[in-house]
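Chemist: Below you'll find the structure I mean.
The values are calculated or read from the model by the stated rules, or taken from the named source; none is laboratory data. It should be emphasised that the depicted structure is a prediction, and the values quoted were computed from it without experimental measurement. Backbone-built Cβ (ideal geometry, glycine too); neighbour counts: all protein chains shown. Side chains are part of the model used for accessible areas, which takes the heavy atoms of the whole protein and leaves out ligands, DNA and RNA. Shrake-Rupley method; radii C 1.70, N 1.55, O 1.52, S 1.80 Å.
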Amino acid sequence: MLLKSLYGSAFALGGDTLNFYRDCEREAGIVETHVWRLKVFVVTAPELIEEVLLHQHACFMKSAGLRATEKAFGRGLLTSDGTLWKQQRKIMQPAFTAKRVQLYQKHLDAGVDRLLQRYGEGGVRNIYRDMTDLCFEVLAMSLFGDSLEDGRAQVIDAAAALHEFHLEYARWIGHLGGPLFTAIRRVSTALGRP
């Protein structure tokens, strides 16, 4: 039990990450845990997610893992916090009003139809790749009115690299990298850079 109080949810996150989040969702809409003594909150209830993202965003910051991807992906909505994030969100907001999102439905329907046509009986599909491709197609058509075929492979490969980075990051923290990460995080927090 003493050892568990040290590592917390580290091994659960470093192992079957999806199952860890499922367990959190079953437990409650918000779960407080820790990873190598670093406090973590997992929020799964839709109303609490809305509260965090829309009303209390100034009280939260992106994870260290997400912020670590800034060099690869720049300082956009995905990686930024604070004033910069607020400025970028304000610029993007008109494209995501309820009325505009309803207009995107036709692109979503068409993309799903094309995806389903490519599915045959049986066989193996890479659902991650299929969903990333579908999301890119729907966003490109909805926001730019073009499929942006020339850049699609690069964006999908970048998304896959980001996904893989986060999987490896979670595995690393879930194992022996966790205590080192915790020590570095404590020093950076003490220096004002959490």
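Chemist: Go ahead and set up a Gaussian network model of the chain, Cα springs under 10 Å, then flag whichever of 133, 150, 81 fluctuates most.
Modeler: Result for the chain, Cα springs under 10 Å: 150 fluctuates most.
Chemist: Take the solvent-accessible surface of the protein heavy atoms, probe 1.4 Å, and return the percent of it on segment 34-130 that carbon and sulfur atoms account for. Write down the numbers at each step before the final one.
Modeler: Working: 4350 of 7210 Å².
Carbon-and-sulfur percentage of accessible area, whole number: 60.
Chemist: Can I ask one more? Considering the chain as a Gaussian network with a 10 Å cut-off on Cα pairs, which listed residue, 118, 171, 67, attains the greatest mean-square fluctuation?
Modeler: Judging by the Gaussian network model, the answer is 118.
Chemist: Can I ask one more? For Rg and Dmax of the Cα atoms in Å, several values are listed as (1) 19.4, 57; (2) 24.3, 75; (3) 26.6, 108; flag the one computed from this structure.
Modeler: (1)
Chemist: What residue among 191, 107, 17 has its Cα farthest toward the positive end of the dipole of the chain, where the charges are +1 on Lys, Arg and -1 on Asp, Glu, each on the Cβ?
Modeler: After comparing all options, I get 191.
Chemist: Moving to a separate point now. By how many degrees, between 0 and 90 and to the nearest 10, does the Cα long axis of helix 105-118 differ from the longest principal axis of the chain?
Modeler: 90 degrees
Chemist: I would also like to ask the following. Could you check which residue among 129, 114, 75 shows the biggest mean-square fluctuation in a GNM of the chain with a 10 Å Cα cutoff?
Modeler: 114
Chemist: Ranked from highest to lowest mean number of other Cβ atoms within 10 Å per residue, what is the order of the peptides 93-103, 151-161? Don't jump to the answer; show the numbers that get you there.
Modeler: Values: 93-103: 9.8, 151-161: 13.7.
By packing density, highest mean first, the sequence is 151-161, 93-103.
Chemist: When the helices in the chain are scored as -39500 (n - 2.57) per DSSP H run of 4 or longer and the sum is shared across all residues, what 222 nm value do you end up with, to the nearest 500 deg cm²/dmol?
Modeler: Numbers: 12 runs with 124 residues, N = 194.
Estimated from H runs of four or more residues: -19000 deg cm²/dmol.
Chemist: Rounding to the nearest 10 and keeping the result within 0 to 90°, find how far the Cα-based axis of helix 17-27 lies from the longest principal axis of the chain.
Modeler: For 17-27 against the chain, the angle is about 80 degrees.
Chemist: Where a ≥ b ≥ c are the square roots of the eigenvalues of the C-alpha gyration tensor, would you call segment 57-147 rounded, which needs a/c under 1.5, or, failing that, prolate if a/b is larger than b/c, or oblate? Don't skip to the end; give the middle numbers.
Modeler: Working: a/c = 2.95, a/b = 1.56, b/c = 1.89.
Verdict is oblate for segment 57-147.
Chemist: Related question: Measuring from centroid to centroid over Cα atoms, what is the spacing of segment 63-120 and segment 30-56 in Å?
Modeler: Between the Cα centre of segment 63-120 and that of segment 30-56, the gap is 21 Å.
Chemist: What's the local net charge at residue 57, with K and R +1, D and E -1, over the other residues with C-beta under 10 Å away?
Modeler: Working: positive: 86, 89; negative: 51, 81.
That works out to 0.
Chemist: Mind ranking 31, 43, 124 by accessible surface for me, highest first, 1.4 Å probe? Let's see the in-between values first.
Modeler: Details: 31 10, 43 45, 124 145 Å².
The ranking, largest first, comes out as 124, 43, 31.
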